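Here is the structure we will look at, set down as structure tokens.
The values are calculated or read from the model by the stated rules, or taken from the named source; none is laboratory data. Just so we're clear, the structure is a prediction, and the values are computed from it rather than from any experiment. Methodologically, a virtual Cβ is constructed for each residue, glycine included, from the backbone with ideal geometry; neighbour enumeration extends over all protein chains shown. When the accessible area is computed, the model is the full protein with side chains, heavy atoms only, and any ligands, DNA or RNA have been set aside. Shrake-Rupley method; radii C 1.70, N 1.55, O 1.52, S 1.80 Å.
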Amino acid sequence: MLDAPALFSLGAGSKTARVADAPVVAAGKLLLRDGRPFYIRGVTYGTFAPDEKGDQFPSQEKVTADFRAIAANGFNTLRSYTVPPDRVLDAASDCGLHVLAGLTWEQHVTFLDDRVLAQDIRRNVRQQVESCRGHESILGFTIGNEIPASIVRWHGRKNIERFLWELFDISKTAFPQALATYVNFPTTAYLELPFLDFAAFNVYLENEAKLSAYVKRLQNIAGDLPLVLAEIGLDSRRNGEIAQAHSLEWQIRTAFREGCAGAFVYAWTDEWHRGGQPIEDWDFGLTTRDREPKTALHTVRSVMGEIPFKRSRQWPKISVVVCSYNGSSTIRDTLDHLARLDYPNYEIIVVNDGSTDATPEIAKQYDVRLISTANQGLGQARNEGLAAAHGEFVVYIDDDAYPPPPWLKYLALAFLRSDHVCIGGPNLVPPEDGWVGQCVADSPGGPLHVLLTDDIAEHVPGCNMAFRRSRLAEIGGFDPLYRAAGDDVDVCWRLQEKGWTVGFAAAAMVWHHRRATVRRYWRQQIGYGKAEALLERKWPERFSALGHMSWSGQIYGRGLPRPAIASRPRIYQGTWGLSPYQGLYRPAPNHALSIALTPEWLLVAAAMLGLGVTGLLVPPFGWAFAPFAVMAAISLTQALRGAMEAKYLVRARDLPLHAKVQSFSLIFFFHLLQPAARLWGRLKHGLTPWRRRRAYPLPSPANLAISIWSETWRPADAWMRDLERGLEKADAIVARGGDYDDWDLRVRGGLLANARLSMAVEDHAGGKQLLRFLTSFHPTRLLPILGTVAVIVGTSAGVEGSWPAACIVAAFLLGLAAQARADWNMAAGQISAALDAMKRREPFFADDKNAEWANDKNSADPMTAADAAE
């Protein structure tokens, strides 16, 4: 048993500072007080047996002794499961403790089936909040705690979310300064509650790696809200006091390492009553029922004194690079916050990329290294910063963004605990941007991150990205081709092409100003369209035939386009709803309808409108007005959905009606404007559906059947990888067949036709092989659609005797066939050229006459040497 006086250093008669008057507010992924991060170092308190008056808290003497001991052991917040009376709140305030008070109501029954009961719940919640309105110790309220999964399943997810919104609104109306949250748990993690001040989850996992992975998942569920673990702990009765202490140590460290804004240890004492009965077979407390300290109390006190980061940790040097071109209106804000970072070992490099405003003069007022160059564009400016950096890691932030104090520590810790070569974090709209900035954030086209898993990214935006300096230098830094945008996408793809990974750290957030006017938003989206055109020339395989960029991962953030027609999200809940970890899964939009989410949709709509106008002169074409009307309705519906689901409008409780209408209209307008601007930028810079690459002579016969004899045996996948690389070097756009496909490679020809390649390998004596390749014609989905429509229209025109229209349709069909042949010609020609090159190299790596070719391949691609060794 530990020495009680040492742990309970505040005995009777001792005093502590009262709780601070400044309220705690939610800001992005952090809680702030007086503008500084506030981390909840919490412990749960109760529930206790009620006395004869129904008071569910111990005597005042015991409460005071408990609270003094809680404060003495490093806690700053306690969580109660009922609203405390004034005497308890006063004692908490005297001891410098905040209180997260639980609002009690009948959440374990089907409460929405009884309108009277639901109304009573609303009334009781209001009364409970009003009973302690304005008290300085109140941090906030939990409007509910672990509504059972079966109850949620019974009422339906949307109905529960709507009811919790009502309780949240009641709480905020009665006590606006107090935070409000709902305490969720893994079996109902699919509830979407973006209106909360912070996300809270009860999580009990007895494995450090699993807890770390699950907290990463919860961070993505929380989105741009702070995340708090409302209960963590271990039962010492079943596991022993030593195991409890050890478990709580890594649970607390893991929570804060993964960016949680706070955590509550369950519980202060083993004394616990539930349902009017004392619970005697669980001992989760840090102290016994007699308030004797356990081993875990000493451990927790030590850990709480170091959060969120260990004091003894040695932090690597980091170079922070700010690239600016005429950024005088925002760069002062950036440099002010960079100067106040909570990090012991960093330098700031400002690259003035030929600014004509006061940017360099502002930068000279700060302790930074200023590099001024002629205007060379963003990609080269980033390279100037890389060349000047001395840190082990180089971090980039835009001149219209600024970080919170712990930003670099979260990035450094993510690097130290992983092999990622690049790590990024969220970029959130700052509160001072006002309603226009919030509307832009809820509109499509923003700088969003794309995740493959909860902590591995496909892309992180350049306004908040960090690198291992040596790895970034190894690939030559950023491509100077990208002068304003696209450099971040390109560098992420190049790093991944090397076999390295890009990471995501949810806690490493920055505030990033959005465009403040419609004109600036329009120009930004045109610039993004230009960047996509540049990217497509370098990475054609990552773009669709229409010209739209495709991602393997899931895009996260506000303002995502909402499909007008989409499959309903499904809840993974297990048989009979008994899965311990349930989640919400949104199926991808139907492939045929997903084009409606792309800017190229507007091109198709314009074509239908043009055809309909032609129909005023040639009547059979008048039918095109009907699909145009349908397409316009789909676009308007998507914009309407986007505006209805905007987070700003969900969270803006006190916004006047006229302001809500104004914001709704602007978001709706931006959802229509963005694809038009992006399309204009693409078309202006050559990214068109009708773009072409060099043609190849059409081989004969149409279905290529080629055989290659090899004197050297190699695995089938090695042959295919080599052929794939040969096609890529010939500028072919190649895709691999999937697990259920009977073809091996597909080469894109154009909008109408592709070529598919299949391979068979015959093994012969002496380690020799005969490789058989078959290339076949494969139409895209667009070819039969256009052909069918044209046949129907042509037939209709012929029946009606409109021969001019019939001739136009016939000409269109001939042109369609010619274009399909041209697409096939290009794809099949590229395959034929690659196979001919392979023939000329045979026998593959067999003797010295191939050494020169082998050396060339090895220097170009490190995988080839491994293939040869196999």
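Only one of Ala506, Ala545 is farther than 30 Å from Leu408 by Cβ and not in a helix (DSSP H, G or I). Can you tell me which?
Criteria check complete, one pass: Ala545.
For Tyr366, only one of the following conditions fails: (1) in contact with a Leu (Cβ under 6 Å, 6 or more places away or on another chain); (2) in contact (Cβ under 8 Å) with a residue 60 or more places away in the chain; (3) not small (Gly, Ala, Ser). What is its number?
Here Tyr366 clears every test but (2).
When you look at Tyr182, is it in contact with a helix residue (DSSP H, G or I) (Cβ under 8 Å, 6 or more places away or on another chain), farther than 20 Å from Pro37 by Cβ and assigned to a strand (DSSP E or B), yes or no? Break it down stepwise before answering.
Numbers: in contact with a helix residue (DSSP H, G or I) (Cβ under 8 Å, 6 or more places away or on another chain): yes; farther than 20 Å from Pro37 by Cβ: yes; assigned to a strand (DSSP E or B): yes.
Taking the combined requirement at face value, the residue satisfies it.
I'd like the residue in the stretch 433-462 that is of a type in the set (Asp, Glu) and open to solvent by less than 10 Å² (accessible area, probe 1.4 Å) and, out of all such residues, is farthest from Trp511 (Cα to Cα). Before you say what the answer is, go through the steps one by one.
So the first thing to find is which residues in the stretch 433-462 are of a type in the set (Asp, Glu), and the list is 433, 442, 454-455, 458.
Add one more test, that the residue is open to solvent by less than 10 Å² (accessible area, probe 1.4 Å), and what stays is 442, 458.
On the way: Asp442: 15, Glu458: 21 Å.
Applying the filter and picking the extreme gives Glu458.
Taking the stretch 383-403 as the search range and keeping residues that are touching a Phe, Trp or Tyr at 6+ places or on another chain (Cβ under 9 Å) and open to solvent by 10 Å² or more (accessible area, probe 1.4 Å), which one is farthest from Asp34 (Cα to Cα)? Walk me through how you get there before you give the answer.
Kept after step one, since they are touching a Phe, Trp or Tyr at 6+ places or on another chain (Cβ under 9 Å), are these residues of the stretch 383-403: 383, 385-386, 391-397, 399, 401-403.
From what is left, the residues that are open to solvent by 10 Å² or more (accessible area, probe 1.4 Å) are 383, 386, 392, 399, 402.
Working: Asn383: 38, Leu386: 35, Glu392: 33, Asp399: 25, Tyr402: 18 Å.
Top of the filtered list is Asn383.
Considering only the stretch 285-324, state which residues are in a loop (DSSP other than H, G, I, E, B), hydrophobic (A, V, I, L, M, F, W, C) and surrounded by fewer than 23 Cβ atoms within 10 Å (Cβ to Cβ). Walk me through it before giving the result.
Initially, the stretch 285-324 is screened for residues in a loop (DSSP other than H, G, I, E, B), giving 285-286, 288-292, 294, 305-317.
Narrowing further to those that are hydrophobic (A, V, I, L, M, F, W, C): 286, 307, 309, 315.
Those that are in a loop (DSSP other than H, G, I, E, B), hydrophobic (A, V, I, L, M, F, W, C) and surrounded by fewer than 23 Cβ atoms within 10 Å (Cβ to Cβ): Ile307, Phe309, Trp315.
With under 30 Å from Leu218 (Cβ atoms), of a type in the set (Lys, Arg) and modelled with pLDDT under 95 as the only criterion, which of Arg519, Arg523, Arg514 stands out? Walk me through it before giving the result.
Values: Arg519 fails: under 30 Å from Leu218 (Cβ atoms); Arg523 fails: under 30 Å from Leu218 (Cβ atoms).
Answer to the selection: Arg514.
Taking the stretch 463-493 as the search range and keeping residues that are among the β-branched types (Val, Ile, Thr) and either closer than 19 Å to Leu411 by Cβ or over 22 Å from the mean Cα position of the chain (by Cα) (or both), which one is least open to solvent (accessible area, probe 1.4 Å)? Don't jump to the end; show me each part of the working.
Filtering the stretch 463-493 for residues among the β-branched types (Val, Ile, Thr) gives 475, 489, 491.
Subset that is either closer than 19 Å to Leu411 by Cβ or over 22 Å from the mean Cα position of the chain (by Cα) (or both): 475, 491.
Details: Ile475: 31, Val491: 0 Å².
Ranking the qualifying residues of the stretch 463-493, first place goes to Val491.
Quick one: is Asn159 surrounded by fewer than 18 Cβ atoms within 10 Å (Cβ to Cβ) and within 30 Å of the chain's Cα centre (by Cα)?
Working: surrounded by fewer than 18 Cβ atoms within 10 Å (Cβ to Cβ): yes; within 30 Å of the chain's Cα centre (by Cα): yes.
Yes, satisfied.
Among the aliphatic types (A, V, I, L, M) and surrounded by fewer than 24 Cβ atoms within 10 Å (Cβ to Cβ) - does that describe any residue in the stretch 258-266? Spell out the reasoning first.
First, pick out the residues of the stretch 258-266 that are among the aliphatic types (A, V, I, L, M): 261, 263, 265.
Okay, now just the ones that are also surrounded by fewer than 24 Cβ atoms within 10 Å (Cβ to Cβ), so none.
Scanning the stretch 258-266 turns up no residue that is among the aliphatic types (A, V, I, L, M) and surrounded by fewer than 24 Cβ atoms within 10 Å (Cβ to Cβ).
Of all residues in the stretch 42-55, how many are surrounded by 20 or more Cβ atoms within 10 Å (Cβ to Cβ) and part of a loop (DSSP other than H, G, I, E, B)? Outline the logic, then answer.
At the first step, the residues of the stretch 42-55 found to be surrounded by 20 or more Cβ atoms within 10 Å (Cβ to Cβ) are 42-48.
Imposing the further condition that a residue be part of a loop (DSSP other than H, G, I, E, B) reduces the set to 46-48.
Looking only at that region, the number is 3.
Which of the residues that make up the stretch 596-615 are open to solvent by 40 Å² or more (accessible area, probe 1.4 Å) and within 31 Å of the chain's Cα centre (by Cα)?
Selection gives Leu597, Leu602, Leu603, Val604.
With respect to the numbered conditions (1) at pLDDT 95 or above; (2) charged (D, E, K, R); (3) open to solvent by 40 Å² or more (accessible area, probe 1.4 Å), which one is the sole condition not fulfilled by Glu231?
(3) is the only condition that Glu231 fails.
How many residues does the stretch 254-284 contain that are in a loop (DSSP other than H, G, I, E, B) and either in contact (Cβ under 8 Å) with a residue 60 or more places away in the chain or of a type outside the set (D, E, K, R) (or both)? Steps first, please.
Of all residues in the stretch 254-284, those in a loop (DSSP other than H, G, I, E, B) come to 258-261, 266-268, 270-272, 275-276, 279-284.
Within this subset, residues satisfying the condition of being either in contact (Cβ under 8 Å) with a residue 60 or more places away in the chain or of a type outside the set (D, E, K, R) (or both) are 258-261, 266-268, 271-272, 275-276, 279, 282, 284.
Residues flagged as in a loop (DSSP other than H, G, I, E, B) and either in contact (Cβ under 8 Å) with a residue 60 or more places away in the chain or of a type outside the set (D, E, K, R) (or both) within the stretch 254-284 amount to 14.
Residues are listed down the side, and each one gets a yes or a no for (1) touching a His at 6+ places or on another chain (Cβ under 6 Å); (2) touching a residue at least 60 places away in the same chain (Cβ under 8 Å):
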{"position": "Arg123", "(1), (2)": "no, no"}
{"position": "Gln128", "(1), (2)": "no, no"}
{"position": "Leu139", "(1), (2)": "yes, yes"}
{"position": "Ala149", "(1), (2)": "no, yes"}
{"position": "Lys158", "(1), (2)": "no, no"}
{"position": "Arg162", "(1), (2)": "no, no"}
{"position": "Tyr190", "(1), (2)": "no, yes"}
{"position": "Asp197", "(1), (2)": "no, yes"}
{"position": "Ala200", "(1), (2)": "no, no"}
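Let me confirm something: among Arg519, Arg562, Arg514, which residue is under 23 Å from the mean Cα position of the chain (by Cα), on the phi < 0 side of the Ramachandran plot and open to solvent by 60 Å² or more (accessible area, probe 1.4 Å)? Break it down into steps so the answer makes sense when it comes.
Working: Arg519 fails: under 23 Å from the mean Cα position of the chain (by Cα); Arg514 fails: open to solvent by 60 Å² or more (accessible area, probe 1.4 Å).
Of Arg519, Arg562, Arg514, the one residue that is under 23 Å from the mean Cα position of the chain (by Cα), on the phi < 0 side of the Ramachandran plot and open to solvent by 60 Å² or more (accessible area, probe 1.4 Å) is Arg562.
Being touching a Leu at 6+ places or on another chain (Cβ under 7 Å) and modelled with pLDDT under 95, is that true of even one residue in the stretch 490-507? Full working, then the answer.
Within the stretch 490-507, the first condition is being touching a Leu at 6+ places or on another chain (Cβ under 7 Å), and the residues that meet it are 490, 502, 504-505.
Retained after the next criterion (residues that are modelled with pLDDT under 95): none.
Scanning the stretch 490-507, I find no residue that is touching a Leu at 6+ places or on another chain (Cβ under 7 Å) and modelled with pLDDT under 95, so the answer is no.
Hand me the list of strands (runs of 3 or more DSSP E) wholly inside the stretch 714-822 holding 2 or more residues that are over 30 Å from Trp551 (Cβ atoms).
On the way: elements: 734-736, 745-748, 753-764, 768-779.
Output list reads 753-764, 768-779.
Just wondering, is there one or more residues in the stretch 9-24 that are at pLDDT below 80, assigned to a helix (DSSP H, G or I), crowded, with 18+ Cβ neighbours inside 10 Å and not hydroxyl-bearing (Ser, Thr, Tyr)?
Within the stretch 9-24, the subset at pLDDT below 80 is 9-22.
From what's left, assigned to a helix (DSSP H, G or I): none.
The answer is no; no qualifying residue exists.
Can you tell me which residues in the stretch 214-238 are more than 29 Å from Trp165 (Cα to Cα) and outside any loop (DSSP other than H, G, I, E, B)?
Hits for the stretch 214-238 are Ser236, Arg237, Arg238.
So which of Val799, Val791, Val761 is touching a residue at least 40 places away in the same chain (Cβ under 8 Å) and β-branched (Val, Ile, Thr)?
Val761
Is it the case, given these coordinates, that Leu786 is within 45 Å of the chain's Cα centre (by Cα), of a type outside the set (Lys, Arg) and at pLDDT below 85? Step through it out loud before you land on a result.
Working: within 45 Å of the chain's Cα centre (by Cα): yes; of a type outside the set (Lys, Arg): yes; at pLDDT below 85: yes.
Here the answer is yes, as Leu786 does meet what is asked.
Which members of the stretch 788-800 meet the condition of being open to solvent by 40 Å² or more (accessible area, probe 1.4 Å) and either under 14 Å from Val618 (Cα atoms) or in contact with a Ser or Thr (Cβ under 7 Å, 6 or more places away or on another chain) (or both)? Step through it out loud before you land on a result.
Step one: of the stretch 788-800, the residues open to solvent by 40 Å² or more (accessible area, probe 1.4 Å) are 788-789, 791-792, 795-796, 799-800.
Passing the criteria: Ser796, Glu800.
Testing Tyr740 on (1) of a type in the set (Ser, Thr, Tyr); (2) within 36 Å of the chain's Cα centre (by Cα); (3) more than 24 Å from Ala820 (Cβ to Cβ); (4) open to solvent by less than 60 Å² (accessible area, probe 1.4 Å), one condition comes back false. Which one is that?
(4)
Which of the residues spanning the stretch 410-432 are surrounded by fewer than 21 Cβ atoms within 10 Å (Cβ to Cβ) and closer than 17 Å to Gln314 by Cα?
Once the filter is applied, which keeps residues that are surrounded by fewer than 21 Cβ atoms within 10 Å (Cβ to Cβ) and closer than 17 Å to Gln314 by Cα, the stretch 410-432 yields Leu416, Arg417, Ser418.
With respect to Tyr39, determine if the residue is under 24 Å from Asn202 (Cα atoms), crowded, with 16+ Cβ neighbours inside 10 Å, aromatic (Phe, Trp, Tyr) and within 32 Å of the chain's Cα centre (by Cα). Explain how you work it out, then say what you get.
Values: under 24 Å from Asn202 (Cα atoms): yes; crowded, with 16+ Cβ neighbours inside 10 Å: yes; aromatic (Phe, Trp, Tyr): yes; within 32 Å of the chain's Cα centre (by Cα): yes.
So Tyr39 passes the test.
I'm checking my understanding of the structure. Among residues of the stretch 283-340 that are more than 30 Å from Ala69 (Cα to Cα) and among the acidic types (Asp, Glu), which one is nearest to the chain's Cα centre (by Cα)? It would help to see each step written out before you state the result.
So the first thing to find is which residues in the stretch 283-340 are more than 30 Å from Ala69 (Cα to Cα), and the list is 314-340.
When the remaining residues are screened for being among the acidic types (Asp, Glu), the result is 333, 336.
Values: Asp333: 26, Asp336: 28 Å.
Among them, the one singled out is Asp333.
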